[in-house]
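Quick one: the structure is below, questions incoming.
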Amino acid sequence: MRERADQSYYVYVYIDPRNHQEFYYGKGCGDRKFSHIGEKGESEKNHQIQEILAEGLKPIVKVVAQGLTENEALLIETTLIWKLGRSLTNVKSGDFSRQFRPANTLHKDLYNFDYQNGIYCLNVGEGPHRCWDDSRDYGFISAGQDWDKYGSKICEFRVNDIICAYLSGFGYVGIGRVVEKAVAAHRYFYEGKPLSSFPLKQMNMFEAKVNEKDGEFVMRVEWLSLRDREERIAGSTEYWRSRSMFGSLESQEKTLKHLEERFCISFDEVLKKFVSAA
């Protein structure tokens, strides 16, 4: 059997002998675990070690996991730091901290940790195959004419994802919840009837293609809050929007707050309501 990459790393802990509480976790190899005892500096860890030495004692240093690759050691280190949080003197949260739930958030439901649905900016472009007025009036968003660039993308959305529709030249015009995954336009029904039987402003969306994938795809959306194109939302074009077809708004706090205020909606409440019911 082929040996893994260098497995000489370990994860260690410093324990205060005065109360037997862990106060520092680290990873290393060789004699790294003992290197902190003689360190100089003003860190909280160094202060605690000096206090212990001043009592005529020494920190208890123990290896908690060994025979690891460096990446394994980093992951274990991050896990232990995350678990004990503020009771440690570690300055950094660990190399894998972005993959861990933020501290003090166990009382919240968080995207990617407790549910997979997200909040997205979606560009609702207009042209010979789609019109925002149709999307607004008949509860859908459409995209297509190029499977690799557009069709496949709209098919990635999941039921209960939140869509913030952005109309170029006007700004954000609607916020909705995905109700059904996208299907080819000629297969989409509205109120029990084919969408093509309604007087849409842009009927070219049903244009037949030799390959169905090259046509238009329609995704059912429950609009939670809407604005007409004439209702320009002051400043909406100054906030973040995706340059591609769609992009996540999860980290765009300023834009999310702006949208909540302008559309009179709470994203947290919407997600909790529908995700918990799913």
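The values are calculated or read from the model by the stated rules, or taken from the named source; none is laboratory data. What you are looking at is a predicted structure, and each value in this text was computed from that prediction instead of being measured. Positions of Cβ are backbone-derived with ideal geometry, glycine not excepted, and every protein chain shown enters the neighbour counts. For the accessible areas, the whole protein counts, side chains as well, though only heavy atoms, and no ligand, DNA or RNA atoms are used. Shrake-Rupley method; radii C 1.70, N 1.55, O 1.52, S 1.80 Å.
Please determine, by comparing only the residues of region 183-198 that are under 12 Å from VAL218 (Cα atoms) and touching a residue at least 40 places away in the same chain (Cβ under 8 Å), which one is most open to solvent (accessible area, probe 1.4 Å).
Checking each candidate, the answer is TYR190.
Are there any pairs with C-beta distances below 6 angstrom linking a residue in region 28-52 that is under 14 Å from ASP16 (Cα atoms) to a residue that is outside any helix (DSSP H, G or I) and at pLDDT 90 or above, with the two at least 6 apart or on different chains, and if so which?
Note: pairs meeting the criteria are LYS45/TYR24; GLN48/PHE23; ILE49/PRO59; ILE52/PRO59.
Something else: Kindly indicate whether GLY28 is surrounded by fewer than 18 Cβ atoms within 10 Å (Cβ to Cβ) and over 11 Å from TYR14 (Cβ atoms).
No; evaluated as a whole, the condition is false for this residue.
Could we say that PHE274 is open to solvent by 20 Å² or more (accessible area, probe 1.4 Å) and either in contact with a Ser or Thr (Cβ under 7 Å, 6 or more places away or on another chain) or at pLDDT below 90 (or both) here?
yes
When you scan region 90-109, do you find a residue that is at pLDDT 75 or above and either surrounded by fewer than 17 Cβ atoms within 10 Å (Cβ to Cβ) or within 30 Å of VAL159 (Cα to Cα) (or both), even just one?
Taking every residue of region 90-109 in turn, none turns out to be at pLDDT 75 or above and either surrounded by fewer than 17 Cβ atoms within 10 Å (Cβ to Cβ) or within 30 Å of VAL159 (Cα to Cα) (or both).
Can you go through SER242, SER251 and tell me which one is within 21 Å of the chain's Cα centre (by Cα) and open to solvent by 60 Å² or more (accessible area, probe 1.4 Å)?
Matching residue, one of SER242, SER251: SER251.
While we're here: Those residues that are exposed (fewer than 15 other Cβ atoms within 10 Å of the Cβ) and modelled with pLDDT of 85 or more, I need them from region 128-148; list them, please. Spell out how you get there, then give the answer.
Going residue by residue through region 128-148, those that are exposed (fewer than 15 other Cβ atoms within 10 Å of the Cβ) are 128, 133, 146, 148.
Listed by number, the residues that qualify are PRO128, ASP133.
Let me ask something else about it. Inside region 33-60, can you point out the residues that are aliphatic (A, V, I, L, M) and surrounded by 12 or more Cβ atoms within 10 Å (Cβ to Cβ)?
ILE37, ILE49, ILE52, LEU53, LEU57, ILE60
Can you tell me which residue in region 205-214 is nearest to GLY127 (Cα to Cα), limited to those that are of a type outside the set (D, E, K, R) and open to solvent by 70 Å² or more (accessible area, probe 1.4 Å)?
Within region 205-214, the match that is nearest to GLY127 (Cα to Cα) is ALA208.
How many of the residues making up region 33-59 are of a type in the set (A, V, I, L, M) and assigned to a loop (DSSP other than H, G, I, E, B)? Walk me through how you get there before you give the answer.
If we filter region 33-59 for residues that are of a type in the set (A, V, I, L, M), which is where we start, we get 37, 49, 52-54, 57.
Pick out the ones that are also assigned to a loop (DSSP other than H, G, I, E, B) and you get 37, 57.
Result for region 33-59: 2.
Kindly indicate the residue of region 179-229 that is in a helix (DSSP H, G or I) and of a type in the set (Asp, Glu) and also nearest to ALA165 (Cα to Cα) among those meeting that condition.
Of the residues in region 179-229, the ones in a helix (DSSP H, G or I) are 185-187, 195-197, 203-206, 212-214.
Still in the list and also of a type in the set (Asp, Glu): 212, 214.
Working: GLU212: 25, ASP214: 23 Å.
Among residues in region 179-229 that are in a helix (DSSP H, G or I) and of a type in the set (Asp, Glu), the one nearest to ALA165 (Cα to Cα) is ASP214.
Right, something else. Can you tell me how many residues within region 150-178 are outside any helix (DSSP H, G or I) and open to solvent by less than 20 Å² (accessible area, probe 1.4 Å)?
The qualifying residues number 16.
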